[in-house]
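Remarks on the structure that follows.
What follows is calculated from the coordinates using simple rules that are stated; it is not laboratory data. Here the structure is a predicted model, which is why all the values come from computation and not from measurement. Every residue, glycine as well, gets a Cβ built from its backbone with ideal geometry; the counts of neighbours run over all protein chains shown.
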Amino acid sequence: MEPVEHQTTRSDVSGDSLSPEAHEDTRLLARVAEGDQGGFAALYRRRSTLIYSLLIRMLVNEMEAQEVMQDAFVHIWRRAHQFDSGRSSPMAWMIMIARGLAMDRLRARSRRKAGHAAYEREIASLELEFKGRQQPDRDELADVCASALNQLPDEQAHAVQLAFIRGWTHEEIAHATGEPLGTVKARIRRGLLALRKTLKDYHA
Amino acid sequence: MPDFHSPEDEATLYVLGELTISERAEFEARMAKSAELRQMVRELEEGMVVLAAGAPRRRPPSEIWSGIEKAVARDGKPEAAWWRIFWRNGWAAAALCLAGWLLYAILLSGRNNAKTLAIQPTPVHVAIAANTSPAPEHPISTLRTPTNGERQLLQVRAEEINDLRLRVAAMAQETNELSQLLALERARLGETNRIKFYQFTSASASNGEAAAPPLSPVMQRAMLISIGRELGVLPMAAKTHPASGHTASTMGGIDFVDLRTPTGSSDNQPANPPPTQPAIQQPDQLQTESQVADLSEPSIPAFVSGDKLVVGLDPSTVPANSSVTLSFAGTSFGVHPTSWDFAMGQNPTVVTIPFSANYFGSGGGLLTITTVTGTGISNSSQFFAPANP
């Protein structure tokens with residue numbers, strides 16, 4: 001039987017070890033590490049929508065997203081004992097697993113031509129997916145995070161999305177935009193840090 | 001690891017999964033020793049989580065959980081919990097019991113002979129063994145080596161599965177490309193002014209108010225090719241002219257010259273400033289200027305696409321083998337003309353210049369073409385197109 005979905009909240013993505021949501025995820029991962037299927041179902045209930053939404057956005061293909069989703073949670077089941085709360089937040093750890101598997105799929109696809117035309121096409125596609133999709137399941141966390149992304153300068157938002165969601169390398173982005181590699185690197189790093197800060201400010 | 005990566009860069013590459021296996025291992029080793037590096041990675045990961053969590057919500061179908069449940073059931077318990085599984089299933093107890101029994105047997109054998117040992121009952125052993133999972137009825141049959149035929153069949157099946165996976169991946173890729181194309185086309189539909197066509201007519205003859213004359217078949221072809229290039233249907237390979245920095249190419253007997261700056265920016269600066277700045281007049285002055293050529297109904301087809309203005313020139317407007325200075329200005333007050341130089345060959349030529357939406361102003365745009373032929377004959381013509389054709 002499918003676990004009932006958990007509605008994510010503001011504190012879900014906080015890396016703060018005192019965050020009750022992060023604490024609960026950590027506790028559930030510990031249960032999963034011990035082979036507790038009830039704990040695993042509870043973890044799926046809490047995090048499946050967020051992870052599936054990310055996979056749909058990365059792969060733009062429901063069938064592939066569903067396959068990767070299944071693989072991701074099986075990986076989480078198998079590797080729960082490797083999770084170290086001192087190094088990562090539980091959400092970041094799970095997202096890294098799911099994204100890594102999705103990246104494998106993206107790399108397995110035919111080699112993209114990372115030129116300017118492909119860059120423009122990807123940006124148009126990302127913006128359309130982001131703004132145009134009907135979102136009956138939108139929740140508070142998604143709103144806060146989407147708002148944080150909207151507050152970034154366009155160049156930063158485009159670079160972080162291309163790198164994180166479409167898996168473009170720094171070199172590919174630099175080549176497509178005609179900008180120095182160092183600029184692209186700094187832009188992505190600052191973009192990620194700005195996203196984190198926006199959310200931190202929001203919590204504050 | 002290349003030397004130019006700063007720790008910040010490395011941390012970003014690590015979080016995005018861009019490091020190679022060896023780079024990753026090396027970075028993790030350094031991270032284990034550096035609290036600063038760990039903090040940096042954690043902060044970047046938190047940014048990544050925000051990015052992931054901002055994705056529009058999609059609820060996973062229930063079949064996924066069913067699949068996960070089955071996979072986990074097949075898989076058994078997580079790797080690290082092996083000793084717990086071992087204990088819970090009674091195997092550890094059984095093993096302890098066996099060890100105890102062996103110890104007992106060894107101790108006993110020191111005192112009694114083997115025959116006596118064989119008949120010693122071990123009530124504890126029997127009691128704990130009842131706790132363990134039942135053994136399979138035919139353990140040997142489950143472990144038998146597959147025959148050659150079975151191996152071949154398995155290999156064929158594995159190849160079939162692999163082939164199907166590749167086909168599914170190819171189809172998924174195709175679907176992805178089509179959905180991206182669809183997204184792009186949708187985005188383009190929203191841009192009402194993506195490509196806007198103009199026809200510049202001789203300002204001295206009509207002041208832009210008369211109907212534009214029809215284009216010659218050659219110019220129609222030239223403009224069609226340039227639209228195809230603009231839409232990405234036709235290739236845009238071009239060579240950069242070493243002296244001017246302009247890019248130029250020839251396709252189907254049409255020359256294409258791009259007079260934008262080599263970097264492709266639209267900063268409204270001439271790529272190659274002309275030796276002299278041609279005089280630009282307002283439309284109401286044009287009728288009286290004597291130097292304006294009176295060509296027989298010449299017209300220049302043009303279109304605006306994004307940040308560029310593309311104009312088509314042929315021998316009716318520009319003599320072959322002449323040096324050309326092209327100048328463009330809006331008719332609104334305050335819009336300054338800019339100009340570019342290039343050499344016209346024998347072929348009809350399509351020229352691309354930088355463009356900004358405010359160039360046309362409310363009235364229209366004025367194109368001035370000054371030519372100097374090989375024999376030194378100079379001429380200047382002005383062409384006008386209304387802002388809203």
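Here are a few things to note about the model shown:
- Fewest-first ordering of A:185, A:197, B:33 by other beta carbons within 10 Å of each residue's beta carbon gives B:33, A:197, A:185.
- Nearest-0.05 FRET efficiency for residue B:168 and residue B:22, computed from C-beta distance (R0 41 Å): 0.80
- As a calculated quantity, the FRET efficiency between residue A:23 and residue A:197 at R0 = 22 Å, using C-beta atoms, amounts to about 0.45.
- Sorted ascending by nearby beta carbons within 10 Å, beginning with the fewest, B:177, A:21 become B:177, A:21.
- Between the amide H of residue A:168 and those of A:163, distances stay under 5 Å, these residues lying 5 or more places away or on another chain, with hydrogens modeled in the peptide plane.
- Among A:91, A:96, A:63, B:344, the ranking by other beta carbons within 10 Å of each residue's beta carbon, starting with the fewest, stands as A:63, A:96, B:344, A:91.
- Between residue B:181 and residue A:84, the simple spin-label model (points 7 angstrom out along Cα→Cβ) gives 4.8 nm.
- Placing dummy labels 7 Å off each Cα toward the beta-carbon, the span from residue B:356 to residue B:151 is 7.5 nm.
- Theoretical FRET efficiency, 1/(1+(r/R0)^6), r = Cβ-Cβ of residue B:346 and residue A:104, R0 51 Å, to 0.05: 0.40
- Annotation: Cα Rg of the stretch A:159-201 relative to the compact-globule expectation 2.2 N^0.38 Å equals 1.19.
- Separation of the residue B:372 and residue B:39 label points, Cα + 7 Å toward Cβ, nm: 6.7
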